[in-house]
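*Asks:* Quick one: the structure is below, questions incoming.
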Amino acid sequence: MSFRIKHSSVVLLFALAACSRTEQAPAPAPAVVNDAGVLRIPANSPLRQRLKVRAVEQRALPHALVAPALIEADPSHTVNVLAPVTGRVIELRVKLGDRVTRGQVLALIASGDHAQAVADQRKAADATALAKQALDRAEAVQQAGGSAQKDLEAARSGYVQAQAEAARTQARLAAMGAAGERDTRGVAVRSPADGSITALSAAVGAFANDANAPLMTITDLGHVWVTANVAENEAAQVAPGESAEVVLPAWPGRRFEGVVQSVSDVLDADSRRVKARIVVANADGALKANMFATATFRVPQPKALLVPQSALLMNNDSVTVFVEVSPWAFVRRTLELGQDEGDAARVLKGLAPGDRVVVAGGVLIND
């Protein structure tokens, strides 16, 4: 009986000793030490392997201003073709949408004025030839001594007057655009420029009686306008000479580069927006008038301080970062941010150039 008691006492003593050793075992080192607001990462902390620290940088990054836009024909490459004379259209050699070249015959107009001009020119040419013959005879006779000086002078005057009349009739035909034309049925209407027929109001048999009414419109779509509608509060940021990028739903994945040619001084009364016109090259004709587009202006901005998005942490209603104040020591700092720039954000307040912030693993310190 006494042996059992002694044995139990020994077992109890060993158990108490083991418990004492367990309670006295050192606690594991903390991963983060809060030293009066400064969060220090001890040398043996596993966080040292997971944190990444980088200095914030300051860059001259242009601001992207986006506006809806519409493709328009460039007025400086658009020509209204007017009838050079009044009369009836007897031939129409083009149709809507055709591509034409400078000097190409577009239509033929039969005109009474043209017929009269052709007749006058023929009579003037014949009178000139007759006057030249009379002058030649007068000079020959005068040289032979059988003609008075006044007859020679009269022949010379007649020839000069005939030449003047011939020049007048030729100029009249030139004004009609018919000088040197072999087809005397009418006046040939020729294309004044390369381009496409974008409007057509003439038809065979129709009368062209209004000299100010265009028969057709030719537009060279090798260069087009992209007219962007810029919001009233952003209009001051867009200026002529700035570069712009244009994308269209019709051409997904393709981007067109252009330059701002002009910015309107007047707001549209309905949309309250300002029209900014961008000149874009369109050599392959991909851009069609009235296509919808989106224009992005690269607005110059002063140098901005950028912080990576991965460094930003939400703290209640504010955005914060951990800033390194000494090796492996960090403090939380609240930021005031501007516009996002891809994987970075503009910093308005809270950081200075050269500040080093935690860009990866900051949430571990936060916890």
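The values are calculated or read from the model by the stated rules, or taken from the named source; none is laboratory data. Since the structure is predicted, the reported quantities are computational estimates derived from the model, not experimental observations. Note: ideal-geometry Cβ built from the backbone for every residue, glycine included; neighbour counts use all protein chains shown. Side chains included, ligands, DNA and RNA excluded: accessible areas come from the protein's heavy atoms. Shrake-Rupley method; radii C 1.70, N 1.55, O 1.52, S 1.80 Å.
Conditions tested, residue by residue: (1) open to solvent by less than 80 Å² (accessible area, probe 1.4 Å); (2) farther than 28 Å from ASP194 by Cα; (3) in contact with a Pro (Cβ under 9 Å, 6 or more places away or on another chain).
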| residue | (1), (2), (3) |
| --- | --- |
| PRO214 | yes, no, no |
| TRP225 | yes, no, yes |
| VAL230 | yes, yes, no |
| GLY241 | yes, no, no |
| ALA250 | yes, no, no |
| SER262 | yes, no, yes |
| ALA286 | yes, no, no |
| PRO302 | no, yes, no |
| LEU306 | yes, yes, no |
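*Asks:* Take ALA236 and tell me if it is small (Gly, Ala, Ser) and assigned to a strand (DSSP E or B).
*Replies:* no
*Asks:* A follow-up question, please. Do we find that ALA203 is in a helix (DSSP H, G or I) and either closer than 17 Å to ILE278 by Cα or more than 24 Å from the chain's Cα centre (by Cα) (or both) in this structure?
*Replies:* No, not satisfied.
*Asks:* Output the qualifying pairs, or none if there are none: Cβ atoms under 8 angstrom, residues six or more apart or on different chains, first residue in the range 241-260 and without any contact (Cβ under 8 Å) to a residue 60 or more places away in the chain, second residue outside any strand (DSSP E or B) and basic (Lys, Arg).
*Replies:* Here the result reads ALA250/LYS288, each pair linking the range 241-260 to a residue that is outside any strand (DSSP E or B) and basic (Lys, Arg).
*Asks:* Residues of the range 265-284 being loosely packed, with under 13 Cβ neighbours inside 10 Å and either over 22 Å from GLY253 (Cα atoms) or among the charged types (D, E, K, R) (or both), which ones?
*Replies:* Correct list: ASP265, VAL266, ASP268, ALA269, ASP270, SER271, ARG272, ASP284.
*Asks:* Please name all residue pairs, on different chains or six or more residues apart, with Cβ atoms under 7 Å, provided the first residue is in the range 341-367 and is in contact (Cβ under 8 Å) with a residue 24 or more places away in the chain and at positive phi and the second residue is part of a loop (DSSP other than H, G, I, E, B) and open to solvent by less than 20 Å² (accessible area, probe 1.4 Å).
*Replies:* Going by the 7 Å Cβ cut-off, the qualifying pairs are GLY361/LEU51.
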